[in-house]
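Visitor: Take a look at this one; I'll ask things after.
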Amino acid sequence: MSIKAKKHLGQHFLTDENIAAKIVHSLLQEQIPNILEIGPGMGVLTKYLLQKDKALFLAEIDSESIAYLKDHYPTLTDHNFVGDFLKTDFGFTNGEPLTVIGNFPYNISSQILFKIIAHYKQIPEMAGMFQKEVAERTAAVPRTKDYGILSVMVQAYYDVKYLFTVNENVFNPPPKVKSGVIRLTRNPKPGLEGNEILFKNIVKTGFNQRRKKLSNALKILNIPENLKNHPFLGKRAEELSVEEFISFATEWKKAADQSAS
Ligand code: SAH
């Protein structure tokens, strides 16, 4: 017996064992004691994760999947299941670090990535599969059409490696798009600490009008007077590297503090 895929839950079950094993092997940091799989479905990745000597947690919202997993992998109990990924606070590890893995539900891809960033202090590594376009956007470099909010926000906290592309035909049912597997390795860029809200605001607002120069795109944020000659304001958002966005946010804060005093 297997599960009938539910479209509203983003269910596309991977049927290729080699690819499943390859995704699990793309995790490199074996010393991390806890692992969280998002969306285990029928357990194609889970069975490899169970072979690891780690505490395994499963975020799954489909009760039919949960029943299937408990039935097929009898070592799994209620203790392993932590519910909706978007609602968890990761309290189940008692503050210990955890790795995140999954063939993720594509309908919530960006939310998954933003939640990982928000908890980067607890999550040293993530590996998994998104729709190819999201994987590419996450890994994108400046001056490309894929480079945007997702690229800068994720790369501010993690090094991103695009690992490999997966074809539609290895899923049941096949998704409409190809998939891409990426790995995130925590490496927060210096200069972010204490200025993260402003940084995020500048990145989001800058890319919201990505064709415009930053002097125009950022106007609604009230550019501080002392910053108005900054060379970056003559550029477009996609021309700035992650490091440049961070130093720009730092100088912005300085200039704002000066004009306030
Ligand atoms: N990993 C499996 C299933 C992938 S399909 C495989 O590779 O075959 C995506 C899975 O994510 C589904 O099982 C779906 O029920 C689950 N899912 C969807 N939204 C979720 C959420 N918010 N939290 C946790 N799991 C979710």
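The values are calculated or read from the model by the stated rules, or taken from the named source; none is laboratory data. Note that the structure is predicted; figures quoted are calculated from it, not measured. FYI the Cβ positions are ideal-geometry reconstructions off the backbone, even for glycines, and counts take in every protein chain you see.
Visitor: Identify all residues within region 45-81 that are assigned to a loop (DSSP other than H, G, I, E, B), under 27 Å from Asp159 (Cβ atoms) and within 13 Å of the ligand (Cβ to nearest atom); write none if there are none.
Guide: Leu45
Visitor: Right, something else. Only one of Gly95, Gly191, Gly206 is in a loop (DSSP other than H, G, I, E, B) and not assigned by TED's automatic domain parsing to the domain that holds Ala59. Can you tell me which?
Guide: Only one candidate passes the filter, namely Gly191.
Visitor: Test Phe92 against the criterion of being more than 25 Å from Ala156 (Cβ to Cβ), away from the ligand (no atom under 13 Å from the Cβ) and among the hydrophobic types (A, V, I, L, M, F, W, C), and give yes or no.
Guide: Yes; evaluated as a whole, the condition is true for this residue.
Visitor: Any residue in region 47-69 that is of a type outside the set (S, T, N, Q) sitting within a Cβ distance under 9 Å of a residue that is at pLDDT below 95 and away from the ligand (no atom under 11 Å from the Cβ)? List the pairs, counting only those 6 or more apart or interchain.
Guide: As it stands, the answer is Lys52/Glu30; Asp53/Glu30; Lys54/Glu30; Glu64/Lys4; Tyr68/Met1, since those pairs meet every condition given.
Visitor: Taking region 1-31, which residues are touching a Leu at 6+ places or on another chain (Cβ under 6 Å) and within 8 Å of the ligand (Cβ to nearest atom)?
Guide: Correct list: Ala20 only.
Visitor: Would you check which residues across region 82-92 are in a loop (DSSP other than H, G, I, E, B) and surrounded by fewer than 17 Cβ atoms within 10 Å (Cβ to Cβ) and list them?
Guide: First, the residues of region 82-92 that are in a loop (DSSP other than H, G, I, E, B): 82-84, 88-90.
Across region 82-92, the qualifying residues are Gly83, Asp84, Thr88, Asp89.
Visitor: Looking at the structure I just gave you, is Leu198 outside any helix (DSSP H, G or I) and in contact (Cβ under 8 Å) with a residue 24 or more places away in the chain?
Guide: Here the answer is no, as Leu198 does not meet what is asked.
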